[in-house]
1. Of the residues that sit in the range 1-12 and are within 19 Å of Pro360 (Cα to Cα) and touching a residue at least 24 places away in the same chain (Cβ under 8 Å), which one is surrounded by the fewest Cβ atoms within 10 Å (Cβ to Cβ)?
2. Which numbered condition in (1) in a loop (DSSP other than H, G, I, E, B); (2) within 19 Å of Glu58 (Cβ to Cβ) is the only one that Glu280 fails?
3. Which is exposed (fewer than 14 other Cβ atoms within 10 Å of the Cβ), in the same structural domain as Gly213 (by TED's automatic domain parsing), away from the ligand (no atom under 16 Å from the Cβ) and under 21 Å from Phe117 (Cβ atoms), of Lys176, Lys146, Lys160?
4. Pick from the range 204-257 the residues that are of a type in the set (Phe, Trp, Tyr) and within 11 Å of the ligand (Cβ to nearest atom): which of them is surrounded by the most Cβ atoms within 10 Å (Cβ to Cβ)?
5. Return the only residue of Ala389, Ala415, Ala383 being surrounded by fewer than 17 Cβ atoms within 10 Å (Cβ to Cβ) and modelled with pLDDT of 95 or more.
6. Every residue in the range 116-135 that is crowded, with 17+ Cβ neighbours inside 10 Å and either charged (D, E, K, R) or at pLDDT 95 or above (or both), please.
7. Return the pairs, sorted by first residue and then second, in which the second residue is within 13 Å of the ligand (Cβ to nearest atom) and hydroxyl-bearing (Ser, Thr, Tyr), the first residue lies in the range 120-133 and is in contact (Cβ under 8 Å) with a residue 60 or more places away in the chain and farther than 15 Å from His148 by Cβ, the beta carbons are less than 7 Å apart, and the residues are 6+ apart or on different chains.
8. Going through the range 110-127 one residue at a time, which ones are more than 12 Å from Arg271 (Cβ to Cβ) and within 16 Å of the ligand (Cβ to nearest atom)?
Amino acid sequence: MTYENTLAYAQYLDKNDSLRDYRNRFHIPKVNGKDSYYFTGNSLGLQPKTARTYIEEEMKGWETLGVEGHFASSKRPWMEYHKFSKDALARIVGAKPIEVVSMNNLSVNLHLLMVSFFKPTKTRYKIICEAGAFPSDQYMFETQLKFHGLNPDEALIELKPRTGENTLRGEDILSKIAEVGDELALVLIGGVQYYTGQLFDMKAITEAGQKVGAKVGFDLAHAFGNVPLQLHDWNVDFATWCSYKYLNSGPGNVSGIFVHERYANDSSLDRFAGWWGHDEKERFKMKKGFQPMPGADGWQLSNVNVISTASHLAALELFDEVGIEKLRKKSLKLTGYLEFLIKDIGGDSGIFEIITPSDPEQRGCQLSIFFHKDGRRLFDALAAAGVIADWREPNVIRIAPVPLYNRFEDVYQFAHLLKKNL
Ligand SMILES: *Cc1c(COP(=O)(O)O)cnc(C)c1O
């Protein structure tokens with residue numbers, strides 16, 4: 001693909017973009033009275049215009065029906081609420097509906113899934129994760145290991161890039177898994193690394209981990225809704241994600257989990273249970289003895305937070321209308337254009353470099369730009385000019401053009417403003 005560094009060219013790409021009208025389905029935050037250049041869909045996706053309608057429908061149901069809203073009289077009976085997202089979730093992560101459910105928040109779900117899938121023994125107790133994992137994931141590992149009486153310094157193996165490199169090499173991940181071998185209980189890493197934007201080969205990692213007898217799970221916070229996934233076919237044991245980043249469900253909104261179909265009726269797995277995971281036919285008999293629902297549903301604890309899950313449904317509906325395949329196609333082009341422009345304006349200046357892999361198959365939509373100097377000054381100058389981006393210590397600006405609502409022109413303006421302020 002050859003690109004051009006002109007506004008006319010960016011506008012030409014927008015004009016020929018079959019997804020361009022989806023931007024109008026979102027509220028775009030303004031800066032100084034003008035649409036911002038919004039690049040933080042990797043942190044908080046924008047509000048779909050339908051989100052408010054969905055929420056208001058439930059407010060209305062509560063207002064007019066009270067407790068009866070749980071049953072058939074409501075448009076989406078609250079008792080069944082977790083079921084309305086299943087098919088769309090399954091399509092996004094490449095799963096069967098029985099393998100997914102929306103529930104809780106991401107960090108909570110990581111802990112709950114650890115209860116089922118991290119079962120250390122005297123000889124097999126080690127976990128492989130990525131160095132510099134998201135803090136919540138780091139605290140989860142540390143406290144889970146301590147809970148099992150293990151020393152994190154010994155039991156947690158953090159994969160680091162080679163000296164002088166920014167991202168992990170696929171072959172190094174696989175050889176570390178083979179090396180830890182019989183001692184390895186679990187591999188749990190991000191599908192897309194939140195800081196560098198690196199997309200891992202989840203199929204190969206799953207295969208390698210399972211080959212040595214370990215379980216393999218993924219934190220999909222930055223992969224969900226960003227890149228196509230095939231969790232079922234890749235044979236992944238379990239995964240979890242959040243819905244407020246690329247899915248646009250709203251701040252802190254509900255997470256979801258994937259548990260492979262082969263565990264759907266496996267009663268040997270430990271879990272921390274609650275009434276919503278109990279066999280729904282028996283749920284209101286309030287009897288002793290936990291009988292899990294088959295599949296991912298059996299991991300639910302609580303009844304659904306309906307008001308916020310309403311906007312999750314609105315976001316899913318919009319997402320599903322387009323489909324992840326079309327989004328990925330545009331995303332490759334949009335991020336490719338961003339990469340081209342950054343290289344074009346940066347040249348050999350040595351002021352900044354992209355630390356995200358240059359191979360489009362090894363990244364999602366985000367590019368992480370490392371500044372050798374002036375990073376914070378440039379970030380502030382861009383913000384004043386209407387760019388909403390993300391600053392990460394010590395020196396990285398993360399830019400995530402998302403195909404649902406970002407334009408090629410947004411990407412052009414970002415590069416143009418960066419150059420102007422160099
Ligand atoms: C965003 C993110 C989280 C956030 O966790 P919450 O429980 O939703 O607050 C956790 N892990 C990763 C990798 C993330 O990117």
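1. Met1
2. Result: Glu280 passes all but (2).
3. On the way: Lys176 fails: exposed (fewer than 14 other Cβ atoms within 10 Å of the Cβ); Lys160 fails: under 21 Å from Phe117 (Cβ atoms).
Result of the check over Lys176, Lys146, Lys160: Lys146.
4. Of all residues in the range 204-257, those of a type in the set (Phe, Trp, Tyr) come to 218, 224, 234, 238, 241, 244, 246.
Now restrict to residues that are within 11 Å of the ligand (Cβ to nearest atom): 218, 224, 241, 244, 246.
Numbers: Phe218: 28, Phe224: 28, Trp241: 29, Tyr244: 23, Tyr246: 34.
Of everything passing the filter in the range 204-257, Tyr246 is surrounded by the most Cβ atoms within 10 Å (Cβ to Cβ).
5. Numbers: Ala389 fails: surrounded by fewer than 17 Cβ atoms within 10 Å (Cβ to Cβ); Ala415 fails: surrounded by fewer than 17 Cβ atoms within 10 Å (Cβ to Cβ).
Exactly one residue qualifies, and that residue is Ala383.
6. Ser116, Phe117, Phe118, Pro120, Arg124, Tyr125, Lys126, Ile127, Ile128, Cys129, Glu130
7. Taking only residues 6 or more apart or on different chains, the pairs are Gly132/Tyr195.
8. Listed by number, the residues that qualify are Leu110, Ile127.
The values are calculated or read from the model by the stated rules, or taken from the named source; none is laboratory data. Every value quoted in this text rests on a predicted model; they were computed, and no experiment measured them. With ideal geometry, Cβ positions are generated from the backbone for all residues, glycine too; neighbour counts draw on all protein chains shown.
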